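Just so you know, all these numbers are worked out from the coordinates, no wet-lab data involved. This is a predicted model, so every value here is computed, not measured. In this analysis, Cβ positions are derived from the backbone assuming ideal geometry, glycine residues included, and neighbour counts consider all displayed protein chains.
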Amino acid sequence: MAEGSTSDRIVAILREQDGLEGVELTPETRLADVGLDSLATVEAVMACEDEFDIEIDAESNPQTVGEFVTLVDGLLAEK
């Protein structure tokens, strides 16, 4: 597992998605507002599963960066 906070690591994964280099991502940032469609969100979810060695429920649909971090933190706490 890479070093850094859960939030920092998720932001780094989200930045790897097309067109997000240089975009400010805060906990309140809505994924759709920065151009992450459902396919890009699914790709980010899969990348997070690999990064954190967790399984995210397919029904989970985080709308903001903060929701994404809360979701991952919750799953990590269950490990």
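Taking GluC sites (Glu not before Pro) across segment 25-79, the ones in a DSSP loop with at most 11 further Cβ atoms lying within 10 angstrom of their Cβ are Glu28, Glu55, Glu59. Only DSSP H runs of four or more residues enter the estimate; each adds -39500 (n - 2.57), and after division by the residues of the chain the mean residue ellipticity at 222 nm equals -15500 deg cm²/dmol.
Relative to the longest principal axis of the Cα atoms of the chain, helix 6-15 runs at roughly 40 degrees. Normalised by residue number, the volume inside the convex hull of the Cα atoms of the chain is 85 Å³ per residue. Axis of helix 38-52 versus longest Cα principal axis of the chain: the two differ by about 40°, to the nearest ten degrees. Using a cutoff of 8 angstrom between alpha carbon atoms and counting only pairs six or more residues apart, the relative contact order for the chain works out to 38 percent.
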